[in-house]
């Protein structure tokens, strides 16, 4: 559809583009990204013929752009600039009608039903039909941008050139506009500053830096931490969108990390164990409140009676946390029917600081390999709750591996203590309501992996194994005393 070959451009002595080449395919949503001054806008102006070529060639639909007549080219390519000039005295509809100029072939333009329908469709497409008679100067910046887009759509082009199309728009309007563009099936070439929006909507990206094409490819190919660092000279972390198979990035500002000998405090009473960290920890957990991934400063293990039943345990737990002054947005909360005074702690302060807390009730022990044979459908109270705090920086993979390592160590502790599934009469691997927390300070030593044979994994496994055994012993002792 568009072939850019060895294009260079300079303003006086300043070289702004250097031997740029790339191809845009028909129907593609193509994004151009790069730091300020990298040549993005100049490239769009060359594609729109606002600037004349100095060196290199551009072909559109197989034809050199310099061979098109102005109206012919306007039917092929429409442009939405970064800043839209306000034509005072013009209504929104009158501005959109200007998009039909390429189709007026006589000295005295004749307005047709087709022209009227195209203008109406364009106004509806950008949700401005209700303001078509309003003056442009009465619109907000975002509305003016949408009116300019409607004018471009009224040209019925095959290609749309967009320079920061969501400029001046609020979040809702940004996504409405981009959804519209994505659904239009037009070939779109757009400049973006927001890397995540470009990732979500673009089929391919072109990275420019200092006027040169650094890389061209899909978001999945280009949005990696080393590429972003080389193009934008800033630290970012890549992660995956929770719903779409698209990469996202987040900035990592430089923050001086204060070293503190005390990273967590433990408070305990008959009702709960509370572990508070002196700074937010990144958490992966299966907790009732705060499950999944989040940042947290407060970790609550709450005792509930053996006959506890609730239709919405999560909401009831949130109310409990609020009543005790905890902010659920920063809290990870679990429940256990075990006496919290029987908690077992284990820690190590060698190469890395680790702290583990375990409460273990095994009356509802389950052998996961034989669980399919069980007939119960409601989990009875019990629970092994495991909290693991690590003063280190874990990768995403290391979080998952730490959870696996902790689970394996817990299962081995149950095996060595001969904890039996009461229904299958086989050795249990856990209970029906276990929860585990992996919490890391995300400072200090970086661990790419945390499997059982890694240095950090060995320490996690040892502490979880020891604390789980101690917690089971205390549970059994209390159970025996109560008989």
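Annotations
Residue by residue, here is whether (1) within 22 Å of residue 439 (Cα to Cα); (2) in contact (Cβ under 8 Å) with a residue 24 or more places away in the chain holds:
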{"position": "294", "(1), (2)": "yes, yes"}
{"position": "299", "(1), (2)": "yes, yes"}
{"position": "316", "(1), (2)": "no, no"}
{"position": "325", "(1), (2)": "yes, no"}
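- With respect to (1) crowded, with 20+ Cβ neighbours inside 10 Å; (2) on the phi < 0 side of the Ramachandran plot; (3) outside the structural domain of residue 80 (by TED's automatic domain parsing); (4) touching a helix residue (DSSP H, G or I) at 6+ places or on another chain (Cβ under 8 Å), the lone exception for residue 290 is condition (2).
- Flag for residue 59 being more than 26 Å from residue 223 (Cα to Cα), touching a residue at least 40 places away in the same chain (Cβ under 8 Å) and in a strand (DSSP E or B): yes
- Qualifying residue in the range 164-186 (condition: within 14 Å of residue 31 (Cβ to Cβ), at pLDDT 90 or above and not assigned by TED's automatic domain parsing to the domain that holds residue 395): no
- Filter pass, residue 410 being buried (at least 19 other Cβ atoms within 10 Å of the Cβ) and in the same structural domain as residue 289 (by TED's automatic domain parsing): yes
- Any chance residue 351 is in the same structural domain as residue 292 (by TED's automatic domain parsing) and out of contact with any strand residue (DSSP E or B) (no Cβ under 9 Å at 6 or more places or on another chain): yes
- Residue within the range 20-35 that is buried (at least 18 other Cβ atoms within 10 Å of the Cβ), out of contact with any helix residue (DSSP H, G or I) (no Cβ under 7 Å at 6 or more places or on another chain) and either without any contact (Cβ under 8 Å) to a residue 12 or more places away in the chain or within 30 Å of residue 131 (Cβ to Cβ) (or both) present: no
- Residue match in the range 330-339 (condition: at pLDDT 95 or above and in a helix (DSSP H, G or I)): yes
- Selection of the range 427-477 for residues being in a loop (DSSP other than H, G, I, E, B) and more than 23 Å from residue 390 (Cα to Cα) yields 428, 429, 432, 433.
- The one condition in (1) in the same structural domain as residue 342 (by TED's automatic domain parsing); (2) surrounded by 19 or more Cβ atoms within 10 Å (Cβ to Cβ); (3) touching a helix residue (DSSP H, G or I) at 6+ places or on another chain (Cβ under 9 Å); (4) at pLDDT below 95 that residue 269 fails to fulfil: (2)
- Residue count for the range 1-56, restricted to those that are assigned to a loop (DSSP other than H, G, I, E, B) and either more than 27 Å from residue 230 (Cα to Cα) or outside the structural domain of residue 80 (by TED's automatic domain parsing) (or both): 10.
- For the range 59-69, a residue qualifies if it is surrounded by fewer than 15 Cβ atoms within 10 Å (Cβ to Cβ) and in contact with a strand residue (DSSP E or B) (Cβ under 7 Å, 6 or more places away or on another chain), and exactly one does: 64.
- Residues (touching a strand residue (DSSP E or B) at 6+ places or on another chain (Cβ under 7 Å) and either assigned to a helix (DSSP H, G or I) or at pLDDT below 85 (or both)) located in the range 70-88: 76, 80, 81, 82
- Scanning the range 410-426 for residues that are at pLDDT 95 or above, in contact with a strand residue (DSSP E or B) (Cβ under 9 Å, 6 or more places away or on another chain) and not in a loop (DSSP other than H, G, I, E, B) returns 410, 411, 413, 414, 415.
- Residue match in the range 224-233 (condition: in a strand (DSSP E or B) and either free of Cβ contacts under 8 Å to residues at least 60 places away in the same chain or over 21 Å from residue 36 (Cα atoms) (or both)): no
- Odd one out for residue 237, checked against (1) buried (at least 16 other Cβ atoms within 10 Å of the Cβ); (2) part of a strand (DSSP E or B); (3) outside the structural domain of residue 326 (by TED's automatic domain parsing): (1)
The values are calculated or read from the model by the stated rules, or taken from the named source; none is laboratory data. Computed from a predicted model, the values in this text were never measured in an experiment. Every residue, glycine as well, gets a Cβ built from its backbone with ideal geometry; the counts of neighbours run over all protein chains shown.
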